[in-house]
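J.: Before anything else, here's the structure in question.
The values are calculated or read from the model by the stated rules, or taken from the named source; none is laboratory data. Computed from a predicted structure; not experimentally measured. Neighbour counts run over all protein chains shown; Cβ positions are idealised from the backbone, glycine included. What goes into the accessible areas is simple: the full protein's heavy atoms, side chains included, and nothing from ligands, DNA or RNA. Shrake-Rupley method; radii C 1.70, N 1.55, O 1.52, S 1.80 Å.
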Amino acid sequence: QVHLVESGGGLVQAGGSLRLSCTASGNTANINAMGWYRQAPGKRRELVAVSNNGGSTHYLDAVKGRFTISRDNAKNTVDLLMNSLKPDDTAVYSCAADTGPQLLATNVEYWGQGTQVTVSS
């Protein structure tokens with residue numbers, strides 16, 4: 001089993017920045033993909049950013065150029081630096097991890113508990 005714990009959410013004004021961090025513990029040796037999903041009230045959950053052990057990264061179009069995902073495999077962490085935040089970025093952000101190279105919402109193996117990000121206008 002893998003346990004994911006997020007930190008770093010909060011309230012920020014539009015244009016501001018936040019950094020989310022996620023630490024994995026437990027049986028982390030086989031983890032490949034790690035990343036972040038978000039879900040706003042009344043909206044579908046969407047993949048924000050993902051990084052895998054092959055070095056591939058993927059970003060949601062809406063966050064490209066503003067968000068950066070980074071991993072430290074030695075520490076089993078994945079961070080999401082969010083710049084130029086917009087009110088539309090308001091959501092619960094959840095860390096996700098999988099032994100495969102992708103994070104597909106329908107079968108992600110491990111989820112964090114989620115952290116609220118609120119961007120005020």
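J.: So how do 72-85, 90-103 stack up, highest first, on mean other-Cβ count within 10 Å?
T.: The packing order, highest mean first, is 90-103, 72-85.
J.: Near Q39, within a Cβ-to-Cβ distance under 11 Å, what is the net charge of the other residues, with Lys and Arg +1 and Asp and Glu -1?
T.: Result for the neighbourhood of Q39: +3.
J.: Kirkwood Rh over alpha-carbon pairs of the range 1-69, then Stokes-Einstein at 37 °C and 0.692 mPa s: what D in µm² s⁻¹, rounded to an integer? Kindly include the intermediate steps, with their values, before the conclusion.
T.: Working: Rh = 13.8 Å.
The estimated diffusion coefficient comes to 239 µm²/s.
J.: Follow-up question, since we're still on this one. Quick one: grab Rg to one decimal and Dmax as a whole number for the chain, Cα atoms only, in Å.
T.: When restricted to Cα atoms, the chain yields Rg and Dmax of 13.3, 42 Å.
J.: May I pose another question? Under the rule of at least 5 residues apart or a separate chain, name every residue whose amide H is placed under 5 Å from the amide H of N32.
T.: Counting only residues 5 or more places away or on other chains, the set is D98, T99, G100.
J.: While we're here: Can you give me the accessible area per residue for the range 3-95, using a 1.4 Å probe, in Å²?
T.: 50 Å²
J.: Just report the Cα centroid separation between the range 46-62 and the range 69-105, whole Å.
T.: A separation of 8 Å, based on Cα centres.
J.: Can you send over the carbon and sulfur percentage of the accessible area for the chain, probe radius 1.4 Å, protein chains only?
T.: Whole-percent figure for carbon plus sulfur exposure: 46.
J.: What FRET efficiency comes out for the pair N53/S17, r = Cβ-Cβ distance, R0 = 25 Å, nearest 0.05?
T.: It comes to 0.40.
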